[in-house]
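Read through the structure below, which is laid out as structure tokens, and then see the notes.
Coordinate-derived values only; no laboratory data. Since the structure is predicted, the reported quantities are computational estimates derived from the model, not experimental observations. Ideal geometry is used to build each Cβ from the backbone, glycine not excepted, and the neighbour counts take in all protein chains shown.
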Amino acid sequence: MGSSTSKAAKITAHDRAILDLKVQRDKLKQYQKRLESVVSKELELAKRQLASGEKKKALLALRRKKFQEGLLEKATMQMANLDELTYSIEHAMMEKQVFEGLQAGNQVLKELNKEMSLADVEKLMDETHEAIAYQEEIDELLGTRLSVAEAEEIERELDELAAAEIREAMPGVPSASAAERERQQQRQEEEEEEAEAEQEMDSGLAKAPSSKAKASKSRARNQPLLA
């Protein structure tokens with residue numbers, strides 16, 4: 001009972017008017033079909049009467065056909081008027097719904113604007129700019145106080161802290177920085193050994209005369225002195 005009453009209450013006068021127009025349109029369409037059928041029958045009857053030589057009866061059938069065609073033309077015009085009226089009402093109802101939606105949205109927008117005034121927005125923007133400027137000043141001070149050497153020292157300290165955490169987590173594994181220092185020391189010792197070996201070779205070559213020098217000195221001793 002309650003559900004049927006609520007459904008019936010939802011049908012407005014505009015909906016009922018559109019429904020009545022559509023019902024009238026369906027009836028008019030059926031009437032058009034009957035007229036078209038009568039016109040076709042009168043035409044066939046006129047043809048048969050003419051074929052059988054009854055010219056007056058054929059003429060009468062054509063007159064009836066002409067009358068039915070006039071009625072059919074009027075029904076077609078009424079159908080077009082009904083369609084146009086139905087479409088106009090539906091379009092007007094759609095525009096009304098759009099207008100009501102815009103009106104409701106405008107009211108909500110006004111209420112939101114009351115909660116967020118222009119002065120509050122300007123104040124918030126000023127506070128935001130001040131906070132950003134303050135943070136930039138802090139970053140600038142922190143950046144200018146540290147020299148390049150101090151920045152490198154801080155990075156090394158960070159690496160040492162990371163290596164210490166690794167050693168605590170895995171005692172048997174040397175840290176990356178310690179292993180790197182060992183490799184650098186080993187390379188330095190190898191380079192020093194190579195340099196010492198090259199110096200020894202150079203000094204030995206300087207002390208030992210070449211075979212050509214020895215041969216020239218021997219020939220010089222063996223030659224007689226000129227008078």
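Of note:
- Pairs are defined by a Cβ separation below 9 Å, a sequence spacing of at least 6 or placement on different chains, a first member in region 79-108 that is farther than 15 Å from D15 by Cβ, and a second member that is of a type outside the set (A, V, I, L, M, F, W, C) and in a helix (DSSP H, G or I); the pairs so defined are M79/R25; M79/K29; M79/Q32; L82/K22; L82/Q24; L82/R25; D83/R25.
- Exactly one residue out of K56, K22, K29 is part of a helix (DSSP H, G or I) and either out of contact with any helix residue (DSSP H, G or I) (no Cβ under 9 Å at 6 or more places or on another chain) or without any contact (Cβ under 8 Å) to a residue 40 or more places away in the chain (or both), and it is K56.
- Residue in region 71-91 that is farther than 30 Å from K33 by Cβ, part of a helix (DSSP H, G or I) and either among the hydrophobic types (A, V, I, L, M, F, W, C) or over 32 Å from the mean Cα position of the chain (by Cα) (or both) present: no
- Here is the figure for region 70-101: residues that are loosely packed, with under 15 Cβ neighbours inside 10 Å and more than 17 Å from K22 (Cβ to Cβ) total 12.
Residues are listed down the side, and each one gets a yes or a no for (1) of a type outside the set (D, E); (2) out of contact with any Leu (no Cβ under 9 Å at 6 or more places or on another chain):
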| site | (1), (2) |
| --- | --- |
| A61 | yes, no |
| A104 | yes, yes |
| Q107 | yes, yes |
| E115 | no, yes |
